[in-house]
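Notes follow the structure.
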Amino acid sequence: MAYANDCDAPVTLKVLVAGGFGAGKTTFVGAVSEIEPLSTEELLSDLGAGADPLHGVEAKTTTTVALDFGRITLDDRHVLYLFGTPGQHRFWFLWEELCAGALGAVVLADTRRLADCFPAVDFFERRGIGFIVAVNEFDSCHRYTPEEVRDAVGLGPEVPVVRCDARLTGSGTVTLASLVRHLLCTSAARSMSTTSTPLSTDSGET
Ligand SMILES: Nc1nc2c(ncn2[C@@H]2O[C@H](COP(=O)(O)OP(=O)(O)OP(=O)(O)O)[C@@H](O)[C@H]2O)c(=O)[nH]1
Ligand SMILES: [Mg+2]
């Protein structure tokens with residue numbers, strides 16, 4: 001679509017969907033995207049299977065080798081671009097490129113392999129990119145409470161933990177709304193702390 005000038009073009013907001021191998025990132029992006037998602041699925045090779053053990057995800061036959069891409073139009077001025085990251089260790093170098101300009105991230109936690117979300121959590125914490133953890137509840141797997149997940153992953157109290165089903169559009173949309181709410185709260189808190197300068201620096205303290 002061509003716009004008369006740049007001011008007419010909608011503001012694009014970039015959000016990442018990250019997490020461990022097989023956590024449901026491609027499924028999530030596909031469920032919420034209003035367009036046919038772009039995915040880069042390839043058959044799992046022996047090389048990849050050696051590096052990323054398949055325990056818990058034995059039924060998996062393909063993996064994302066670059067990214068997933070989806071889009072959600074929020075209103076006539078705002079469009080959300082969703083980027084799913086690759087999960088296999090050997091493609092993690094792409095995360096750096098993918099996170100450029102990102103507003104925030106959803107880290108999917110797989111209830112079968114909770115610890116697999118550590119690297120994504122660590123990645124966003126180190127870069128100061130706001131994120132929430134969404135527990136993708138696979139069928140017939142143990143259901144952790146959000147507090148159990150917070151403790152297990154070592155998340156601070158400021159990081160929201162929500163439950164989701166990556167296959168369902170409604171669940172994915174609620175998850176993204178939680179992320180946006182979290183980012184807005186964080187940014188409001190930051191601007192409050194930078195604008196609330198003391199009235200006088202002459203406190204008499206030494
Ligand atoms: N039962 C169930 N299956 C799911 C759920 N989410 C994803 N799946 C299935 O799990 C498999 C793996 O999901 P993907 O979306 O490919 O996972 P991914 O995180 O993109 O995987 P990588 O890109 O390889 O890291 C697919 O066959 C999905 O249909 C879920 O919430 N419940
Ligand atoms: Mg994928």
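Laboratory data are not the source of any read-out in this text; all were calculated from the coordinates shown. Small disclaimer: the values here were computed from a predicted structure and weren't measured. Reconstructed Cβ throughout: ideal geometry from the backbone, glycine too, with neighbour counts over all protein chains shown.
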query: If packing is taken as the mean number of other Cβ atoms within 10 Å per residue, what is the order of 140-150, 68-78, highest first?
result: 68-78, 140-150
statement: With a ≥ b ≥ c from the Cα gyration tensor eigenvalues, square-rooted, and the rule rounded for a/c under 1.5, otherwise prolate when a/b > b/c and oblate otherwise, segment 72-145 is oblate
- prompt: If you take the beta carbon distance between ALA152 and ARG90 as r and set R0 to 25 Å, what does 1/(1 + (r/R0)^6) give as a FRET efficiency, to the nearest 0.05?
  reply: 0.45
query: From the backbone phi of segment 55-62, what are the Karplus-calculated ³J(HN,Hα) couplings (6.51 cos²θ - 1.76 cosθ + 1.60, θ = phi - 60°) in whole Hz, Gly and Pro given as x?
result: 4, x, 10, 4, 7, 6, 10, 10
query: Kirkwood Rh, Cα Rg: Rg to Rh for the chain?
result: 1.04
task: Consider a paramagnetic label point 7 Å from the Cα of GLU34 along Cα→Cβ; state which residues of segment 46-87 have an amide N under 17 Å from it.
output: 69-83
query: Which ³J(HN,Hα) values, rounded to whole Hz and listed in residue order, are derived for segment 76-91 from phi using the Karplus coefficients 6.51, -1.76 and 1.60 in 6.51 cos²θ - 1.76 cosθ + 1.60 with θ = phi - 60°, glycine and proline given as x?
result: 6, 10, 9, 10, 9, 9, 9, 10, x, 8, x, x, 6, 3, 5, 10
- prompt: When a footprinting reagent is the concern and you count Cβ atoms within 10 Å, what order do VAL135, VAL162, VAL107 take, fewest first?
  reply: VAL162, VAL135, VAL107
message: For a quick size check, give me the Cα extents of segment 82-193 along its three principal axes, largest first, whole Å.
response: 44, 31, 28
- prompt: What residues qualify as long-range amide H neighbours of GLY104, i.e. H under 5 Å apart, gap of 5 or more or another chain, H built at 1.01 Å from N?
  reply: LEU16
query: At THR61 and ILE129, where each label point lies 7 Å from the Cα along Cα→Cβ, what is the point-to-point distance in nanometres?
result: 3.1
query: Under the Karplus relation 6.51 cos²θ - 1.76 cosθ + 1.60, θ = phi - 60°, what is the ordered set of whole-Hz ³J(HN,Hα) values for segment 33-43, x standing for Gly and Pro?
result: 6, 7, 10, 4, x, 8, 9, 10, 7, 10, 4
field: Amide H within-cut-off set for ALA66, under 5 Å, with H built and near neighbours excluded
entry: THR40
